[in-house]
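> Got a structure for you, written out below as structure tokens; questions coming shortly.
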Amino acid sequence: MQRYFVSLDKLNNIVFNQQDVFHITKVMRCRINDHIEVVINSDAFEAVIDSLSPLKIHLIGEKMRNNELKNDLVLFSPLLKSDKNELVIQKATELGVTKIVFFISSRSIIRLSQKDFDKKLDRYKLIVKEASEQCHRNMIPEIVGLLSLKEIAAHKANINLLAYEEESGKQNTIYKAFKSNSSISFIYGPEGGFDKKEIELLGSMGFSLVSLGKRILRAETASFYGLSIISSLMEEKNE
Ligand code: SAH
């Protein structure tokens, strides 16, 4: 069933945004009495369509299962080439992150001014919303940026993992660094990798080095690999 994030107006009426109205009526071609899922303030419900124009629904049944990870998961991402940022945002959302923080890295191939990043933000926000609906999340991850490496300190978690290519093949895996019931952040480097100075700075900020196995992964693969392991451990081990 398709899921939509909705809000409540002052009179507690359910309000859809215009894109969702279009999606429900024109793309999904929903009819009266069709069922959809709506998320109101992080609670998901099944709902029945009562009228299409204007779009009105009523909720049925109990609150649905909450599909969020039990602890916060933060991804620190460098800016990547072309549409890779959008891919990372979409997949990170599916893998359960609560926040994606973009940072400036000295070996990033892409350089954006804050103004140019802000221009991309609307599109990024649409991607997280659509991905959150598609994968049945209860909340939409936040996107933050563009920050310097020092500034990301404000978004750190209980455990902060730093994937460094020079650790490849070593024994310090994410499995070993994982602790249950803790918020976790994961940082990975751009196509050109991390500069030694950046690794030193992140170390002094409390990040712990982890290896992502023997092979050197492409930057975007590194983000999927790290987040997949962390979210599966969080689902398995967190109470
Ligand atoms: N150009 C670099 C590789 C960069 S890979 C080189 O040739 O060495 C991009 C990012 O992915 C790295 O900065 C690191 O964060 C992560 N990464 C890729 N493979 C990794 C591995 N085996 N272990 C730890 N981190 C890895």
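The values are calculated or read from the model by the stated rules, or taken from the named source; none is laboratory data. In this text the structure is predicted, and so the values were computed from the model without any measurement. Note that we place each Cβ from the backbone using ideal geometry, even for glycine, and neighbour counts take in every protein chain shown. Side chains included, ligands, DNA and RNA excluded: accessible areas come from the protein's heavy atoms. Shrake-Rupley method; radii C 1.70, N 1.55, O 1.52, S 1.80 Å.
> In the stretch 206-227, how many are open to solvent by less than 50 Å² (accessible area, probe 1.4 Å), more than 18 Å from Lys81 (Cα to Cα) and either within 12 Å of the ligand (Cβ to nearest atom) or polar (S, T, N, Q) (or both)?
6
> Out of (1) surrounded by 15 or more Cβ atoms within 10 Å (Cβ to Cβ); (2) modelled with pLDDT of 95 or more, what's the single condition that is false for Asn33?
Result: Asn33 passes all but (1).
> Leu149: assigned to a loop (DSSP other than H, G, I, E, B) and within 14 Å of the ligand (Cβ to nearest atom), yes or no?
Judged against the criteria, Leu149 is a match.
> Can Ala163 be described as under 22 Å from Leu73 (Cα atoms), surrounded by 15 or more Cβ atoms within 10 Å (Cβ to Cβ), touching a residue at least 60 places away in the same chain (Cβ under 8 Å) and not basic (Lys, Arg)?
So Ala163 passes the test.
> Right, something else. When residues of the stretch 77-90 are filtered for being surrounded by fewer than 18 Cβ atoms within 10 Å (Cβ to Cβ) and in contact with a Leu (Cβ under 8 Å, 6 or more places away or on another chain), how many remain?
Matching residues across the stretch 77-90 total 0.
> Where the second residue is among the aliphatic types (A, V, I, L, M) and within 10 Å of the ligand (Cβ to nearest atom) and the first is at pLDDT below 95 and lies in the stretch 184-198, which pairs have Cβ atoms under 7 Å and are six or more apart or on separate chains?
Going by the 7 Å Cβ cut-off, the qualifying pairs are Glu191/Leu80; Glu191/Ala219.
> To continue, here is another question. Part of a strand (DSSP E or B), among the β-branched types (Val, Ile, Thr) and touching a Lys or Arg at 6+ places or on another chain (Cβ under 8 Å): which single residue out of Ile36, Ile57 fits that description? Explain how you work it out, then say what you get.
Values: Ile57 fails: touching a Lys or Arg at 6+ places or on another chain (Cβ under 8 Å).
Being part of a strand (DSSP E or B), among the β-branched types (Val, Ile, Thr) and touching a Lys or Arg at 6+ places or on another chain (Cβ under 8 Å) holds for just one of Ile36, Ile57, which is Ile36.
> Return the pair list, or none, for Cβ contacts closer than 6 Å from residues in the stretch 97-114 that are over 15 Å from Glu151 (Cβ atoms) to residues that are in a strand (DSSP E or B) and not polar (S, T, N, Q), at least 6 apart or on different chains.
Going by the 6 Å Cβ cut-off, the qualifying pairs are Val97/Leu73; Val97/Leu75; Thr98/Leu73; Ser108/Pro78.
> Could you please find all residues in the stretch 104-144 being open to solvent by 30 Å² or more (accessible area, probe 1.4 Å) and either acidic (Asp, Glu) or touching a Cys at 6+ places or on another chain (Cβ under 9 Å) (or both)?
Asp116, Asp118, Asp122, Glu130, Glu142
> Just give me the residues in the stretch 10-33 being of a type in the set (A, V, I, L, M, F, W, C), touching a residue at least 12 places away in the same chain (Cβ under 8 Å) and not in a loop (DSSP other than H, G, I, E, B), in sequence order.
Quick first cut of the stretch 10-33, residues of a type in the set (A, V, I, L, M, F, W, C) only: 11, 14-16, 21-22, 24, 27-28, 30, 32.
Applying the additional criterion that residues be touching a residue at least 12 places away in the same chain (Cβ under 8 Å) yields 14, 16, 21, 24, 28, 30, 32.
Within the stretch 10-33, Ile14, Val21, Ile24 meet the criteria.
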